[in-house]
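The values are calculated or read from the model by the stated rules, or taken from the named source; none is laboratory data. Please read all numbers here as calculations on a predicted model, not as lab measurements. Methodologically, a virtual Cβ is constructed for each residue, glycine included, from the backbone with ideal geometry; neighbour enumeration extends over all protein chains shown.
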């Protein structure tokens, strides 16, 4: 008999976290025109959240560190992007390996500003500025129902394994 | 009674029409993934990691700079800018793409580490007499709770692989590939202030 000292006992459970990037940035809105004419125009960020062309161009100029030549053509765009985070409920099975029987997947939504303008030395500057909310760098968290409850995730995994049900995945988006 | 129902129905019709009109006027609000709509950029990304990094054409100069801009006592932006400058000829439709080392995820809170001007809908042309250059930047969020030294920062952000694609006056499309090691990066003076703190 081979003793496996890592063997926690058949039916033991654990929760493992993982993350994966989304496929890129998704444009939400855009405006182009002479800065002084469009600076107060609103752009959609996400849902009912709005910003202005001025906010975007100023964020870009601050990030780049180069001042803008007034009354040139500017373009301002808003983007969002996703990062997926999840937790797997795993069960130590008769095969003496950890197997995933439940997966709960959530999504972080990030906001980005992008803008382009001409600076004083006649260079075109453009930048993507990642947003800085007060607490997290994402602006919305689409949480799956069990995401914040590790004991429930472990229980769902054990339940699926014990009743020989299929591995299930739940989504928060 | 019938008249009031007609009035309510008419009001609802007007409100619906106004809402539809507002969305129609907003016009170009298209929800498109820029990687989805710029498949050539996906191909460019693949090439960045596999291309034989040929010598650049020599028709212009490039510089890649790094800066740290403190936003508030807790948060800062790490800003990269790739500058294409001093064009000796007219360079049409300049497209810039670069990829920060994957290890930078240790210090940055970001969904991806790609920097590009693919989202610009109007092509950028630079020349010795017109626009003199183009700078393509991205300001990433530095993770607030992590302390690191300048050497640790350079160790995770490099190498940075980049491509500059442009059209010559003869109409030929040229792509130059670059690999920037830590010693090739230009440090903004804001880095000195940040690490002095």
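Numerical summary
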| quantity | calculated |
| --- | --- |
| First in the range A:147-164 and at negative phi, second anywhere and crowded, with 16+ Cβ neighbours inside 10 Å and part of a helix (DSSP H, G or I), Cβ under 9 Å, 6 or more apart | A:147/A:153 |
| Of residues in the range A:5-22 being closer than 30 Å to residue A:149 by Cβ and assigned to a loop (DSSP other than H, G, I, E, B), the one nearest to the other protein chains (Cβ to nearest Cβ) | A:22 |
| Pairs where the first residue, in the range A:33-44, is closer than 12 Å to residue A:75 by Cα and the second is part of a helix (DSSP H, G or I), C-beta under 6 Å, 6+ apart | A:38/A:53; A:39/A:53; A:39/A:54; A:41/A:53 |
| Residue B:136, sole failed condition from (1) in a loop (DSSP other than H, G, I, E, B); (2) closer than 28 Å to residue B:59 by Cα | (1) |
| Answer residue from the range A:30-41, given it is buried (at least 16 other Cβ atoms within 10 Å of the Cβ) and not in a strand (DSSP E or B) and is nearest to the other protein chains (Cβ to nearest Cβ) among those | A:38 |
| Residue within the range B:151-158 that is within 14 Å of chain A (Cβ to nearest Cβ) and either surrounded by 14 or more Cβ atoms within 10 Å (Cβ to Cβ) or more than 22 Å from residue A:75 (Cβ to Cβ) (or both) present | no |
| Tally, over the range B:78-87, of residues that are surrounded by 22 or more Cβ atoms within 10 Å (Cβ to Cβ) and either without any contact (Cβ under 8 Å) to a residue 60 or more places away in the chain or farther than 25 Å from residue B:156 by Cα (or both) | 2 |
| Residue match in the range A:147-160 (condition: part of a helix (DSSP H, G or I), farther than 18 Å from residue A:17 by Cα and more than 9 Å from every other protein chain (Cβ to nearest Cβ)) | yes |
| Residue among A:105, A:83 that alone is modelled with pLDDT of 90 or more and under 30 Å from residue A:170 (Cα atoms) | A:105 |
| Residue in the range A:86-104 that is over 18 Å from the mean Cα position of the chain (by Cα), assigned to a strand (DSSP E or B) and within 11 Å of another protein chain (Cβ to nearest Cβ) present | no |
| Number of the condition not met by residue B:138 [criteria: (1) within 25 Å of residue A:115 (Cα to Cα); (2) more than 9 Å from every other protein chain (Cβ to nearest Cβ)] | (2) |
| Checklist (1) closer than 30 Å to residue A:69 by Cβ; (2) more than 10 Å from chain A (Cβ to nearest Cβ); (3) assigned to a loop (DSSP other than H, G, I, E, B) applied to residue B:162, failing item | (3) |
| Every residue from the range B:88-107 that is surrounded by fewer than 23 Cβ atoms within 10 Å (Cβ to Cβ) and within 11 Å of chain A (Cβ to nearest Cβ) | B:102, B:105 |
| From A:140, A:125, residue being modelled with pLDDT of 95 or more and within 14 Å of another protein chain (Cβ to nearest Cβ) | A:125 |
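Listed here are the residues, each with its yes/no results for (1) within 17 Å of the chain's Cα centre (by Cα); (2) in contact (Cβ under 8 Å) with a residue 12 or more places away in the chain.
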{"position": "B:106", "(1), (2)": "no, yes"}
{"position": "B:115", "(1), (2)": "yes, yes"}
{"position": "B:132", "(1), (2)": "no, yes"}
{"position": "B:145", "(1), (2)": "no, no"}
{"position": "B:160", "(1), (2)": "yes, yes"}
{"position": "B:170", "(1), (2)": "no, no"}
{"position": "B:176", "(1), (2)": "no, yes"}
{"position": "B:186", "(1), (2)": "no, yes"}
{"position": "B:192", "(1), (2)": "no, no"}
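To keep it simple, each residue is scored yes or no on (1) closer than 12 Å to residue A:112 by Cα; (2) more than 10 Å from chain B (Cβ to nearest Cβ); (3) not in a strand (DSSP E or B).
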| residue | (1), (2), (3) |
| --- | --- |
| A:24 | yes, no, yes |
| A:28 | yes, no, no |
| A:43 | no, no, no |
| A:50 | no, yes, no |
| A:63 | no, no, yes |
| A:74 | no, yes, no |
| A:83 | no, no, no |
